[in-house]
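I have placed the structure first, in the form of structure tokens, so that the comments after it can refer back to it.
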Amino acid sequence: MDARSNVLVVEDDLALSKLVGELLDDAGYRPLTIADHSLIGAAVERWQPRLVILDGEVRTTGEGRSWDDAVAIRRAHPDVPVVMFSADSADLAEARAGTTERSRAASFAGIVGKPFVVEEFLATVKGAVERSPEKANSYTEPADEAIKVFPDIGQHLAADWPATDLFATIVHELRAPLTVMRGQTQLARRYIGQDSARERGAIDIALTQMDRMGRLISELLNQSRLSSNAMSLDVVAFDLVGAVETAVARHQYEEATRITFGRPVAAIVVRGDAKRIAEILDNLLDNAIKYSADNAPIDISLTVHDAEAQVRVADHGVGVPESERAMLFTPFYRTSRTSDVHGTGLGLHISQQLAKRHGGRLWLETSSEGGSVFALALPLKK
């Protein structure tokens, strides 16, 4: 049996979760990680951790949820200390000051900002784990009016977010890869001259996160241009059959044929920006591959209906829960079934907006636990 102290890490960013897990493992703890905040209660019950490290996850409204999650843990398990692990400078300052009702109710045992210094992170963890039982059990139920600062936000559409909330979400998304880069660079520095394999591994992960940050910045720029109607389109007539065929070839990189395309015999000509349409097709195919099991088939069809060309991408992936489908095309939204896979939550939103700019449509046609079908419709050349 593993005699190490359990530490529950609640972090929705996969790369960052792995980094924190590696640091805790090297420091002699047993890291247990989850991405879904709704599973915190069950995870604490099951694993009885000595500490919970709580990510400052941003809701679909752009508002952080560290506070009410911490209060819920403290209510149910007053002997389990909680460390705030957040990129939100305002939340960090409020938690450190400890003067507001919600900061006193949350009663964080430690506070770590993102990006972080490895030594300071580990010292905070050690201090929280080793805190005395008397201090850990000193939690008192806050007054009813103190709890009123944790409203049930509900599922508001991201399109209706205040600009400040959307900005907070963007900062959160950018700081995740930045935190991993800084952490892995510090690990690489530790391994210099001692463990060349781990040193190279840390550098490789940091480089991967740089690429991830570059893609995120590109998507943010596209989102900004679309929102301000500043994206120009190079509209030409082109054969959509060839465009789909080329997109399939870009993603057909496994030995076994995974993607099938029922290629129409005749050309189907549409008008639009071929480069932007290729971006939509790439996003749909990327998602189909990313959220499906290895080697699961993906079927592509292209048909004509009235004055539209319609492309359908059918996968055998995780599907989209019915209660979450209305949110699927909003910026930064990721479903509960995809939170453990890398992604920004911007791809579908940008793709749908690009389709609209072309006078077309993009929608989720069907979905179940056995897979989903996404459909793209574009007007035919007149």
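The values are calculated or read from the model by the stated rules, or taken from the named source; none is laboratory data. If you're wondering where the values come from, they're calculated on a predicted model, not measured in any experiment. Cβ: placed from backbone, ideal geometry, glycine included. Neighbour counts: every protein chain shown. Surface accessibility is based on the protein's heavy atoms, side chains included, excluding ligands, DNA and RNA. Shrake-Rupley method; radii C 1.70, N 1.55, O 1.52, S 1.80 Å.
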query = Does the range 231-252 hold any residues that are under 31 Å from the mean Cα position of the chain (by Cα) and either over 20 Å from ARG361 (Cα atoms) or outside any loop (DSSP other than H, G, I, E, B) (or both), and which are they?
reply = ALA243, VAL244, GLU245, THR246, ALA247, VAL248, ALA249, ARG250, HIS251, GLN252
ask   = If you scan the range 323-382, which residues turn out to be of a type in the set (Phe, Trp, Tyr) and closer than 28 Å to GLU11 by Cβ?
value = PHE329, PHE332, TYR333
ask   = Within the range 185-218, restricting attention to residues that are of a type in the set (A, V, I, L, M, F, W, C) and either open to solvent by less than 30 Å² (accessible area, probe 1.4 Å) or touching a Ser or Thr at 6+ places or on another chain (Cβ under 9 Å) (or both), which residue is modelled with the lowest pLDDT?
value = LEU216
ask   = Of the residues that make up the range 348-360, is at least one open to solvent by 20 Å² or more (accessible area, probe 1.4 Å), touching a Lys or Arg at 6+ places or on another chain (Cβ under 7 Å) and without any contact (Cβ under 8 Å) to a residue 60 or more places away in the chain?
value = no
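In this structure, does VAL83 turn out to be of a type in the set (A, V, I, L, M, F, W, C) and closer than 30 Å to LEU207 by Cα?
The answer is yes for VAL83.
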Any chance ILE40 is at pLDDT below 90 and closer than 15 Å to VAL80 by Cβ = no
key: Residue selected from the range 1-48 under the condition in contact with a helix residue (DSSP H, G or I) (Cβ under 7 Å, 6 or more places away or on another chain) and among the polar types (S, T, N, Q), by the criterion nearest to ARG198 (Cα to Cα)   = THR33
request  = Working only within the range 262-296, note down all residues that are more than 30 Å from the chain's Cα centre (by Cα) and either hydrophobic (A, V, I, L, M, F, W, C) or open to solvent by less than 30 Å² (accessible area, probe 1.4 Å) (or both).
outcome  = PRO264, VAL265, ALA266, ALA267, ILE268, VAL269, VAL270, GLY272
request  = Answer yes or no as to whether THR330 is touching a residue at least 60 places away in the same chain (Cβ under 8 Å) and part of a loop (DSSP other than H, G, I, E, B).
outcome  = yes
Of all residues making up the range 6-32, the number that are at pLDDT below 90 and among the hydroxyl-bearing types (Ser, Thr, Tyr) = 1
query = Only one of these conditions is not met by LEU51: (1) more than 23 Å from the chain's Cα centre (by Cα); (2) open to solvent by 10 Å² or more (accessible area, probe 1.4 Å). Which number is it?
reply = (2)
task = Would you mind finding the one in THR335, THR366, THR330, THR303 that is open to solvent by 60 Å² or more (accessible area, probe 1.4 Å) and not charged (D, E, K, R)?
result = THR366
query = When residues of the range 7-42 are filtered for being surrounded by fewer than 19 Cβ atoms within 10 Å (Cβ to Cβ), more than 25 Å from ASP204 (Cβ to Cβ) and not hydroxyl-bearing (Ser, Thr, Tyr), how many remain?
reply = 7
